[in-house]
1. Full extension from B:LYS192 to B:GLU330: what is 0.36 nm times the residue separation minus their Cα-Cα distance, to one decimal in nm?
2. Just A:LYS26, A:LYS182, A:LYS119 to compare: in a GNM of chain A, with alpha carbon springs under 10 Å, which one fluctuates most?
3. Which loop GluC sites (Glu not before Pro) in region B:131-214, with loop taken from DSSP, have no more than 16 other Cβ atoms within 10 angstrom of their Cβ?
4. Taking a label point 7 Å out from Cα toward Cβ, give me the nm distances from A:SER61 to the same spot in the other copies, shortest first, one decimal.
5. If we hang a label 7 Å off Cα along the beta carbon direction at A:ARG331, how far is it from the matching labels on the other copies, in nm, shortest first?
6. By the scheme Lys and Arg +1, Asp and Glu -1, what is the net charge of all other residues having a beta-carbon under 12 Å from that of A:TYR43?
7. Hey, could you get me the Stokes-Einstein D for chain B, Kirkwood radius over alpha-carbon pairs, 4 °C and 1.567 mPa s, rounded to whole µm² s⁻¹?
8. What is the list of residues in region A:138-164 whose amide nitrogen lies under 13 Å from a point 7 angstrom out from the Cα of A:LEU105, following Cα to Cβ?
There are 2 protein chains.
Amino acid sequence: MKASLKSIAKDLNISPGTISRVLNGKAKEYRISEATVKRVKAYAQKVGYTPNLVAKSLQASKSFTIGLILPDISNPFFSTMAKHIEQQASAMHYSILLMDSDEQLEKETKALQQLYSRKVDGIILCPVGFEGSHYKEQFKDMGIPVVFVDRYLKGIDVPFVSSNNYKGAYDAVEFLIQKGHKTIGLIQGDQKLLTVNEREKGFKEALQDYNISFNANLLLGNGFNEENGYVSMLQLLKEKNKPTAILCMSNQICMGVLKAAKELQLNLPQDLSIISFDENPYAEYITPSLTTIKQHNDKMGAKAFNLIYDLIQDQKSEDPSFLIDTEIIERGSIFDLL
Amino acid sequence: MKASLKSIAKDLNISPGTISRVLNGKAKEYRISEATVKRVKAYAQKVGYTPNLVAKSLQASKSFTIGLILPDISNPFFSTMAKHIEQQASAMHYSILLMDSDEQLEKETKALQQLYSRKVDGIILCPVGFEGSHYKEQFKDMGIPVVFVDRYLKGIDVPFVSSNNYKGAYDAVEFLIQKGHKTIGLIQGDQKLLTVNEREKGFKEALQDYNISFNANLLLGNGFNEENGYVSMLQLLKEKNKPTAILCMSNQICMGVLKAAKELQLNLPQDLSIISFDENPYAEYITPSLTTIKQHNDKMGAKAFNLIYDLIQDQKSEDPSFLIDTEIIERGSIFDLL
DNA sequence: CTGAAAGCGCTTACAG
DNA sequence: CTGAAAGCGCTTACAG
């Protein structure tokens, strides 16, 4: 039989209230006698008392739990974020209820309901939907704070933490230009995503700042997946004005590009330079080793937790959204034209 | 203000008990009049009633939550497992409380306590410790079912699901032998792990079955990490009787091997053939493309959930432990000597 | 210094 | 067919 305040109270002939008070370190505050404090602590120790957190949650209407909804936890990009969120959370005595929306809006909606029912104190969400209004509707009556991570939306007033996608793309293009590239292709993720729009903007502005005219034929694709990378790459190589370098908006797009390059027996990076968003542990061992735009999703995760944590403490927090700079990890996939 | 049974009861002038009964689909059972059923349902719908699961958990002493403790959620090996566990769980209306032990026994212990306090219905654990007795002590009074996943221990009666590590290693060596290799190195993970022992056994027995004498100098290493792969590889190449092929016990070990090979400018796979445990999405694009021993951790995850689920339903379940066969994914890192 | 009581939101055996 | 009551394990304002 597990010990409860009640059982201890009975055994010790002290009221449950008092037991609660000493076990919660409120002995001083309530001026409880040294004697009883000692007795209670010793006995609790002896019977191995552990507080029932669900009872505590019910009475406090606070669960010390936060919900985390990710589109694909098996993707290292998200799982490293999850790791850092969990790390921060457990340091602050919060637990994580994890849900995988599998990029499906329906599952996400269910997850949100579930989390609400479970009375989490806050939610960190990487949304799979595009419409702010859709979410606004859902969050409206929940009455619990929400924070977006990685992806975010306009038309809804939810703080977010994301990479500085604009700058990431800008820097990448600038980097390419500095190596002498002037004809640069861009393979995009889903165009409904704000993060994708930001990157596109960075791409275009960098070209502009360096007086390179933008060729719309070199901007294509519409998805973060490998298939899109593959198809777009094939398309790109058919252009009369073929790119000498290519910027991939994700890991998986890059894999599709690599696949196409392999099939076509391109000689990388001489025939084509590649730079891609998202770092990966194998980048070093691919041929050529991959120059990447690393997103600091460890920081993103930690920051997302801190944000939701602050929000839980006191709702006030003016425009707490946060952009984290990316970093170019230079390896061997960019050919120096100069 | 969120609706509760009580608030609805008050608004409708019906007792909370009755509200509870109709909302839980027990109207028939309690022969509640069609009229009230309709009223209640309509009103609950209107005010958007959602049950408070923490209250429900408290009263039922059942939380429909399971705890998942993994040594490193950022590792794709574990995160794909997590994904499939979550998928199964949510299909059965269970939620996952995720904890990352970060390969530290201390964090694992805390996680276990936390989960116990949170009254999860069961725990899926990939243990970082080695001693059965250590865990036996901890699980003894918890009174909630536990299942090991991937790693398991002797000296403790806890069901587990893992890869068939013995067979995985055996098959790999056999595969190598069939390509004409006779001098085969093995770089191990942590030797205190049963899974590592099993693989070692498979390695040795395959050699034996093919009448190849075992050379203890070719078996080395003691950790799943990259560093160990690197150091062991260097060591291995100093042998008078250098291996023509090498079996790595993990992804990360393999990366260390690749790193060393690159530094030494080995010509792979001619100079050295490589086969490694753990599939990875980049295996195709590494040079040479990597032949791997794939662990089906999707199945492992799903099975682990099913196991704990059964255990939660009724404790009986005789020797439910489960080994899942691995699969060799043949690519280009094995040189055919024949 | 400590206890009795009420309440967090639910469910269910007991009555009628 | 439906209500009142007790209880899940906790905490805390109120008394004394």
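Read-outs: derived from the displayed coordinates by stated rules, not from any lab. Note that the structure is a prediction, hence the values are computed from the model and not measured. All Cβ positions, even for glycine, are placed from backbone atoms using ideal geometry, and neighbour counts span all protein chains on display.
1. Values: separation 138, 0.36 × 138 = 49.68 nm, distance 2.95 nm.
Separation in residues times 0.36 nm, less the Cα-Cα distance, equals 46.7 nm.
2. So, out of A:LYS26, A:LYS182, A:LYS119, the one fluctuating most is A:LYS26.
3. On the way: sites: B:GLU131, B:GLU137, B:GLU174, B:GLU198, B:GLU200, B:GLU205; in loops: B:GLU131.
Those satisfying the criteria are B:GLU131.
4. Label-point separations across copies, in nm and ascending: 2.8.
5. 1.3
6. Details: positive: A:LYS10, A:LYS38, A:ARG39, A:LYS41, A:LYS46; negative: A:ASP11.
Here the count lands on +4.
7. Details: Rh = 22.8 Å.
Answer, rounded: 57 µm²/s.
8. A:138
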